[in-house]
Every structure is written in structure tokens, then in C-alpha cells.
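Asker: One structure, pasted below without further comment.
Throughout, read-outs are computed from the coordinates displayed, never taken from laboratory work. None of the values given here were measured: they were computed from a predicted structure. Please note: Cβ atoms are built from the backbone with ideal geometry, for glycine as well, and neighbour counts cover all protein chains shown.
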């Protein structure tokens, strides 16, 4: 996301980043950012913002939630058709993502919206914390695992090969269950793992330890990218995101000015400036992780 990006951005490979110190930026201003009060956008406004995000050098643009409305579907499709097919100055075409719940209707609609992009990605998600599984989903762990595996397979059957599977409320989920959950979706074909601090309550050292544990204990983790999505309810979104990068996350999810649901998300400009600062200060900062208290 600067003038040197043409020299430093590695080749885009599903589930792998050739440069171990490179960090992908996913901007979700057009989806999570729109949930901020007063931030609703038309399809044309979303397209205008997506154009600017591509010029900034954002690796991945989460264009919206196509099943939410016809307007959102139209916006995602417009972005996929234009921004998702246009090379920027460095020859890179951003990945365009459509979010969807774990059901066939959502996934099929999301794929129809995004499939014309050069690099289309689907982002199905499901809750994994005990409180969400019991009271929101009313599902057992085994049922959630089966849904996740089945929906990854369904997405792949439509032709999608770039699948980011999101674990909603991962920060409050049982560790052993997360290892199994992510191992299962990797085996089913997921290429990126979405780890959310959905209610924004995790301390930075806790979140860094969570990412380190997932990296160390998930079967097949070498086949997928760890992504993090942090909310700012206690003011820790940027700090949690940076700690996650230190622990092995290689996709950081942000919004412009940190806008988003409730207190917002990690801010694009904060995460990027801090990332650049520490890379200049110490090139090992994002590769030699040690959690506070270890």
C-alpha cells in the first residue's frame, strides 16, 4: 500500500504467501463498515470506494453481503465486474470477496455476485462459541462441524476455489474445538481461516496467544492463511490485530477510519502505519513471536 508495492507484493497463491513476512490487507469498509450508524451506501458509492481501495493497494476487498438486499447484490456484482478485473499500476488485481451465511441460497447468491471477478472469493461463516451455538444457532458442535464441511464442499461445487471460512466469536470458543473446526474446513477446501474477536473483548496478549495456538495445533494449517477480524468495543482492535500478525496471522481485516458495527473495527490507517513502523525498526518483529507472560 505504498509506492514500493510493485517490488514487494508476492504472487497471489491460494492458501499460501511465498514471502513469510508479507501481510495481506482485507478491507471490509463496504460490508462491516457499512454497519456503522449513518454509513449506508448505494451500489454506486460502494463502487467508487472500491476503486480507491484498489488504488491504495489493498490486497482483498470485501465488497458486501449479497443476500442482504438487491442493492447490496448489485454493488458486489459491479465491483467484481470492474474493480475485480482491472489491473492497478503494479499489475495486481484485488481479490473480491462476498460474505454469506452457511446455507445454499446465501452461498449461491454470493457466488453469482462475485464470480466475474478475476480473483473471486466466498466468505461463509458460522458461530463457534458455546454461547452462540447454544442460544443463536441452537446447534451442537457436531452439527456445526457438519454444516461447515458441507458448505465448503457446496461452494467448491459452484466453481469457487478461494474460500475463506469465518469462525464467528472465535475468541470465546473452545480451543480444542477450534483446532478441529479449522482442520475440517481446510480438509474440505478452505484456503483462508477467519478468526473473529466478534464482541471485541479480548486483550492483545490473549488474542496473540489464540492465534499462536491455532497455528501450532490445527491439522493442515500449512495449507491455509490465518486471517483476523477484530472489533473495538474495549479499544483494542488495532492492538489485537498487530499481536495477531506477530503470532502468525497473514491477513488483517480493517476498515477506513475504523468504522463499523458498535464501536467499529481495526482501522486501516492505524494497522498499516504500525506495520510499516515495526518492519523498518525490526524485520523480525512479525516473525519471532513471544506472547506476554511466556
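Listed here are the residues, each with its yes/no results for (1) under 26 Å from residue 57 (Cα atoms); (2) not in a helix (DSSP H, G or I).
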{"position": "209", "(1), (2)": "no, no"}
{"position": "230", "(1), (2)": "yes, yes"}
{"position": "241", "(1), (2)": "yes, no"}
{"position": "246", "(1), (2)": "yes, no"}
{"position": "254", "(1), (2)": "yes, yes"}
{"position": "262", "(1), (2)": "no, yes"}
{"position": "279", "(1), (2)": "yes, no"}
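Asker: Right, next: Considering only the stretch 119-140, state which residues are surrounded by 15 or more Cβ atoms within 10 Å (Cβ to Cβ), in contact with a helix residue (DSSP H, G or I) (Cβ under 9 Å, 6 or more places away or on another chain) and outside any loop (DSSP other than H, G, I, E, B).
Answerer: 120, 121, 122, 123, 124, 126, 127, 132, 133, 137
Asker: Count, please, the residues in the stretch 150-175 that happen to be closer than 22 Å to residue 131 by Cα and either out of contact with any helix residue (DSSP H, G or I) (no Cβ under 9 Å at 6 or more places or on another chain) or without any contact (Cβ under 8 Å) to a residue 12 or more places away in the chain (or both).
Answerer: Of the residues in the stretch 150-175, 1 are closer than 22 Å to residue 131 by Cα and either out of contact with any helix residue (DSSP H, G or I) (no Cβ under 9 Å at 6 or more places or on another chain) or without any contact (Cβ under 8 Å) to a residue 12 or more places away in the chain (or both).
Asker: Going through the stretch 247-269 one residue at a time, which ones are out of contact with any helix residue (DSSP H, G or I) (no Cβ under 6 Å at 6 or more places or on another chain) and free of Cβ contacts under 8 Å to residues at least 60 places away in the same chain?
Answerer: 257, 258, 269
Asker: Right, next: Being over 19 Å from the mean Cα position of the chain (by Cα) and either over 19 Å from residue 217 (Cβ atoms) or touching a residue at least 12 places away in the same chain (Cβ under 8 Å) (or both) is the requirement here; does residue 145 meet it?
Answerer: yes
Asker: Looking at (1) crowded, with 21+ Cβ neighbours inside 10 Å; (2) closer than 15 Å to residue 125 by Cβ, which is the only condition residue 243 fails?
Answerer: (2)
Asker: Determine whether the stretch 265-272 contains at least one residue that is within 19 Å of residue 168 (Cα to Cα) and not in a loop (DSSP other than H, G, I, E, B).
Answerer: Among the residues of the stretch 265-272, at least one is within 19 Å of residue 168 (Cα to Cα) and not in a loop (DSSP other than H, G, I, E, B), which makes the answer yes.
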